[in-house]
1. When both residues are 6+ apart or on different chains and their Cβ atoms are under 8 Å apart, which pairs have a first residue that lies in the range 86-115 and is within 14 Å of Ile57 (Cα to Cα) and hydrophobic (A, V, I, L, M, F, W, C), and a second that is modelled with pLDDT of 95 or more and open to solvent by 20 Å² or more (accessible area, probe 1.4 Å)?
2. Among the residues of the range 67-88, what is the count of those that are of a type in the set (D, E, K, R) and either open to solvent by less than 10 Å² (accessible area, probe 1.4 Å) or out of contact with any Ser or Thr (no Cβ under 8 Å at 6 or more places or on another chain) (or both)?
3. With the requirement that a residue be charged (D, E, K, R) and on the phi < 0 side of the Ramachandran plot, what does the range 12-62 give you?
4. Considering the range 16-65 alone, what residues qualify as being modelled with pLDDT under 95, crowded, with 16+ Cβ neighbours inside 10 Å and of a type in the set (A, V, I, L, M)?
5. Select from the range 164-199 the residues that are in a strand (DSSP E or B) and open to solvent by 40 Å² or more (accessible area, probe 1.4 Å) and write down the one among them that is farthest from Cys15 (Cα to Cα).
6. Please return the ranges of strands (runs of 3 or more DSSP E) entirely within the range 89-152 where 3 or more residues are open to solvent by 10 Å² or more (accessible area, probe 1.4 Å) and modelled with pLDDT under 90.
7. Taking Asn209, is it open to solvent by 60 Å² or more (accessible area, probe 1.4 Å), out of contact with any helix residue (DSSP H, G or I) (no Cβ under 6 Å at 6 or more places or on another chain) and over 21 Å from Tyr53 (Cα atoms)?
Amino acid sequence: MNEYKKEFIEFMVDCKVLKFGDFVTKSGRKTPFFVNTGFYRTGAQLRKLGGYYAQAIYDKFGVDFDVLFGPAYKGIPLTVATTMAISETYDRDIKYCSNRKETKDHGDTGILLGSPISDGDKVIIIEDVTTAGTSIQETLPIIKAQGDVNVLGLVVSVDRMERGQGQKSALDEIEENYGFTTTAIVTMQEVVEHLYNKPYNGKIIIDDNLKKAIDAYYEQYGVK
């Protein structure tokens, strides 16, 4: 596993973004682990987060694209932090864009926040995490409505590695249904591998009991 992936897993734990317990996902699944990027709350944290996303994007897509699109609301700071990191690290000036939840009818009108999207633009979508792939169904029509654009792919922080609407993983389904590439900074398999029965800051994050709960979750929702 790349060193930056290990660092990112520990960064999520430090920021209380990666949590273990009893949760319900947006898709209604009861899960023993949850990723909430709303817990990145300081400038220093967002700066580091943008760097991790930028590296994941660079490793999979390079920087030959025009717009980074982040769905409202959590995608807004993700686009800002990551485009800044791409500029600083890879010397490429990428435009950031997000949607509003409601269309604005005065001043800076329209559905978009940040840069407009134009015909011919190459776009990458950035999200926090994809569970069942439902959010992309809302996001893609907004982007496509802006013009003849080329959506290159989707990047998320954590690939939960579970089924989407059918029997394949959510990210595999997105690739198949929409014809673009997906990637993640880390997968849940990498998270478990790095934290299971290994002390971090003097504490075992994933012990045997939690590992059993995670395994049971994948028995139910994992890819068969």
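1. Ile86/Tyr58; Ile86/Val63; Ile86/Arg92; Ile94/Val63; Ile94/Asp66; Ile94/Ser87
2. 1
3. Asp14, Lys19, Asp22, Lys26, Arg29, Lys30, Arg41, Arg47, Lys48, Asp59, Lys60
4. Listed by number, the list holds a single entry, Val35.
5. Taking the range 164-199 first, the residues in a strand (DSSP E or B) are 169, 181-187, 196, 199.
Of the ones still in play, those that are also open to solvent by 40 Å² or more (accessible area, probe 1.4 Å) are 181, 196, 199.
Numbers: Thr181: 28, Tyr196: 19, Pro199: 17 Å.
The qualifying residue farthest from Cys15 (Cα to Cα) is Thr181.
6. On the way: elements: 95-104, 110-114, 122-126.
Strands (runs of 3 or more DSSP E) meeting the threshold: 95-104, 110-114.
7. Details: open to solvent by 60 Å² or more (accessible area, probe 1.4 Å): yes; out of contact with any helix residue (DSSP H, G or I) (no Cβ under 6 Å at 6 or more places or on another chain): yes; over 21 Å from Tyr53 (Cα atoms): yes.
It is true that Asn209 is open to solvent by 60 Å² or more (accessible area, probe 1.4 Å), out of contact with any helix residue (DSSP H, G or I) (no Cβ under 6 Å at 6 or more places or on another chain) and over 21 Å from Tyr53 (Cα atoms).
Quick grid of which residues meet (1) closer than 26 Å to Gln137 by Cβ; (2) touching a Gly at 6+ places or on another chain (Cβ under 8 Å); (3) aliphatic (A, V, I, L, M); (4) in a strand (DSSP E or B):
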{"position": "Gly28", "(1), (2), (3), (4)": "yes, no, no, no"}
{"position": "Gly38", "(1), (2), (3), (4)": "yes, no, no, no"}
{"position": "Ala44", "(1), (2), (3), (4)": "no, no, yes, no"}
{"position": "Leu49", "(1), (2), (3), (4)": "yes, no, yes, no"}
{"position": "Tyr58", "(1), (2), (3), (4)": "no, no, no, no"}
{"position": "Leu68", "(1), (2), (3), (4)": "yes, no, yes, yes"}
{"position": "Tyr73", "(1), (2), (3), (4)": "yes, no, no, no"}
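The values are calculated or read from the model by the stated rules, or taken from the named source; none is laboratory data. What you see is a predicted model; the values in this text were computed from it and never measured. All Cβ positions, even for glycine, are placed from backbone atoms using ideal geometry, and neighbour counts span all protein chains on display. When the accessible area is computed, the model is the full protein with side chains, heavy atoms only, and any ligands, DNA or RNA have been set aside. Shrake-Rupley method; radii C 1.70, N 1.55, O 1.52, S 1.80 Å.
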